[in-house]
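**Q** Here it is, the structure, as structure tokens.
The values are calculated or read from the model by the stated rules, or taken from the named source; none is laboratory data. Because the structure is a prediction, the values reported are computed rather than measured. Methodologically, a virtual Cβ is constructed for each residue, glycine included, from the backbone with ideal geometry; neighbour enumeration extends over all protein chains shown. Only protein heavy atoms, including side chains, enter the accessible area calculation; ligands, DNA and RNA are left aside. Shrake-Rupley method; radii C 1.70, N 1.55, O 1.52, S 1.80 Å.
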Amino acid sequence: MEPQNVSFRVAREDLVTSVGWVARNLPTKPTQPVLRAMLITADDEGLELAGYDYEASTRVRVSAEVAVPGRIAVAGKMLAEIIGTLPNKPVDFRLDGSKVQVSCGTTSFELPSIPLDDYPTLPTLPESTGTIDPKLFTEAVTQVASAAGRDDSLPMLTGVNMEINGNQISLAATDRFRLAVRTFEWEPTSTGIDAKLLIPAKTLLENARTLDTSLNDPIEIAVGTGEQVGREGLFGIHTDNRESTTRMLDADFPNIQPLLPKEHTAIASVEISALLDAVRRVSLVADRNAQIIMEFSEGQVILSAGGSDAGHAQEILPCAFTGKDLRIAFNPGYLKDGLSVLPTSRAVFGFTEPSRPAIMVPEPEEFPEADERGIFQTPDTYFTYLLMPVRLPG
């Protein structure tokens, strides 16, 4: 039995971000009513807020004045909404029988306490596997996760594939229409680590976006050590006061290496901000976001879309282009996704044929030059976004 008179006081500014973070990871439509609960444990060290839905777990420590220790559980998303609207004053919690009293200044709420008899045991964070700068991790995950699939009937495509080889990590995701690959270095706990992990893209992206990238302290990636790397099936992230776990996908990520072209017959360089704006304008008349046509020639690219009842649009942009003139079409949404995560001011495109995949990479220090056959090699790069073209009629 839980104590019937748990009580504690906590500063609202300490509570608001932590409650919000745990609540965001709670299921919107839980398979069991108890899984909507936010579990609050009050002890000598303050508070631990936690949530778990059998797939993802979150825990965060918050300092508090604990009068009577114990555990309470309330609807997490509701609590987050309440805390978000409270004035910046101390917040008092008190368990009174089956009710949780929450008061702040002259405002008070009474929430039903969720019984914890059926609440699952929270998973334990695996051993730390290595550390990485949070800003770098967030950037890399954001660049790759947008290319992941959203069709749950193809689970191997809904994840981000993480390959660890010593101090190198490669992230990759694909939905069969585009593919994103990012490589970076990290600090592993041991040099001989070699592992392949498939992590749900949606949860990984949520965790990455909520990291405090202003802190210089590295985050810990926790998937085990030695022979046990990945064996627990959990992908863990640990920061100063937060930890989260995600159940990894039990599926095989496709072999993507044959998909990445090594050579190109044409290369283009375009300013990203101007191209994004042009794509947004021109695609307004595309039928159901169907396609946007790009015609590359020396010094320019012509963007066009439409041609039916919605009308027609065209825009001409300056472009550094080398190779045979090219007319190719892309889904504008996929094109915008790729351009939006390139970290340089210009994007470099590599083409082979209008019906073959094209790549986008960050602008390298030197523009690629053709060999004696008129062929361009893919520039050495840490990020590649591959895009399947839309087949043009005729």
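**Q** Taking Thr17 as meeting all but one of (1) under 20 Å from the mean Cα position of the chain (by Cα); (2) in contact (Cβ under 8 Å) with a residue 40 or more places away in the chain; (3) not in a strand (DSSP E or B), write down the number of the exception.
**A** With respect to (1) under 20 Å from the mean Cα position of the chain (by Cα); (2) in contact (Cβ under 8 Å) with a residue 40 or more places away in the chain; (3) not in a strand (DSSP E or B), Thr17 is out only on (2).
**Q** Kindly indicate the residue of the stretch 197-208 that is of a type in the set (A, V, I, L, M, F, W, C) and over 17 Å from Trp21 (Cα atoms) and also farthest from the chain's Cα centre (by Cα) among those meeting that condition. Show your work before the answer.
**A** Filtering the stretch 197-208 for residues of a type in the set (A, V, I, L, M, F, W, C) gives 197-199, 201, 204-205, 208.
Subsequent filtering for residues that are over 17 Å from Trp21 (Cα atoms) retains 197-199, 201.
On the way: Leu197: 15, Leu198: 13, Ile199: 10, Ala201: 6 Å.
Out of the qualifying residues, it is Leu197.
**Q** Six or more apart or on different chains, Cβ atoms under 8 Å: show the pairs whose first residue is in the stretch 343-362 and free of Cβ contacts under 8 Å to residues at least 60 places away in the same chain and closer than 10 Å to Pro389 by Cα and whose second is aliphatic (A, V, I, L, M) and not in a strand (DSSP E or B).
**A** Cβ pairs passing all conditions: Pro354/Leu392.
**Q** To continue, here is another question. Counting only residues that are touching a residue at least 60 places away in the same chain (Cβ under 8 Å) and not aromatic (Phe, Trp, Tyr), how many does the stretch 295-342 have?
**A** The initial filter retains those residues of the stretch 295-342 that are touching a residue at least 60 places away in the same chain (Cβ under 8 Å), namely 326-331, 334, 336-342.
From what's left, not aromatic (Phe, Trp, Tyr): 326-329, 331, 336-342.
Adding up the residues that qualify gives 12.
**Q** Output the residue which, of all residues in the stretch 203-218 that are part of a loop (DSSP other than H, G, I, E, B) and open to solvent by 30 Å² or more (accessible area, probe 1.4 Å), is modelled with the lowest pLDDT. Quick ask: steps written out before the conclusion?
**A** Filtering the stretch 203-218 for residues part of a loop (DSSP other than H, G, I, E, B) gives 210-218.
Still in the running and open to solvent by 30 Å² or more (accessible area, probe 1.4 Å): 212-218.
Working: Asp212: 80, Thr213: 76, Ser214: 76, Leu215: 73, Asn216: 77, Asp217: 89, Pro218: 94.
Looking at residues that are part of a loop (DSSP other than H, G, I, E, B) and open to solvent by 30 Å² or more (accessible area, probe 1.4 Å), I get Leu215.
**Q** The conditions are (1) hydrophobic (A, V, I, L, M, F, W, C); (2) touching a residue at least 60 places away in the same chain (Cβ under 8 Å); (3) within 20 Å of Leu387 (Cβ to Cβ), and Ala201 fails exactly one of them. Which is it?
**A** Only one criterion is unmet by Ala201, namely (2).
**Q** Tell me the strands (runs of 3 or more DSSP E) entirely within the stretch 241-350 that contain at least 2 residues that are open to solvent by 70 Å² or more (accessible area, probe 1.4 Å). Please lay out each step first, then the result.
**A** Details: elements: 242-247, 266-271, 292-297, 300-308, 311-318, 320-323, 326-330.
Of the strands (runs of 3 or more DSSP E) lying wholly inside the stretch 241-350, those with at least 2 residues that are open to solvent by 70 Å² or more (accessible area, probe 1.4 Å) span 311-318.
**Q** Hey, another quick one. Could you please find all residues in the stretch 219-235 being touching a Gly at 6+ places or on another chain (Cβ under 8 Å) and open to solvent by 10 Å² or more (accessible area, probe 1.4 Å)?
**A** Quick first cut of the stretch 219-235, residues touching a Gly at 6+ places or on another chain (Cβ under 8 Å) only: 220-224, 230-232.
Those that are touching a Gly at 6+ places or on another chain (Cβ under 8 Å) and open to solvent by 10 Å² or more (accessible area, probe 1.4 Å): Glu220, Gly230, Arg231, Glu232.
**Q** Do any residues in the stretch 44-59 that are at pLDDT 95 or above and among the aliphatic types (A, V, I, L, M) have Cβ atoms under 6 Å from those of residues that are open to solvent by 20 Å² or more (accessible area, probe 1.4 Å) and in a strand (DSSP E or B), where the two are at least six apart or on different chains, and which pairs are they?
**A** Within 6 Å, the pairs are Ala50/Arg59.
**Q** Let me ask something additional. With the requirement that a residue be surrounded by fewer than 22 Cβ atoms within 10 Å (Cβ to Cβ), within 16 Å of the chain's Cα centre (by Cα) and free of Cβ contacts under 8 Å to residues at least 60 places away in the same chain, what does the stretch 173-196 give you?
**A** Selection gives Asp175 alone.
**Q** Of the residues in the stretch 364-376, how many are open to solvent by 40 Å² or more (accessible area, probe 1.4 Å) and either closer than 18 Å to Gln291 by Cβ or in contact with an Asp or Glu (Cβ under 6 Å, 6 or more places away or on another chain) (or both)? Let's see the steps before the verdict.
**A** Here is the first cut: in the stretch 364-376, the ones open to solvent by 40 Å² or more (accessible area, probe 1.4 Å) are 365-367, 369-373.
Applying the additional criterion that residues be either closer than 18 Å to Gln291 by Cβ or in contact with an Asp or Glu (Cβ under 6 Å, 6 or more places away or on another chain) (or both) yields none.
Residues in the stretch 364-376 being open to solvent by 40 Å² or more (accessible area, probe 1.4 Å) and either closer than 18 Å to Gln291 by Cβ or in contact with an Asp or Glu (Cβ under 6 Å, 6 or more places away or on another chain) (or both): 0 in total.
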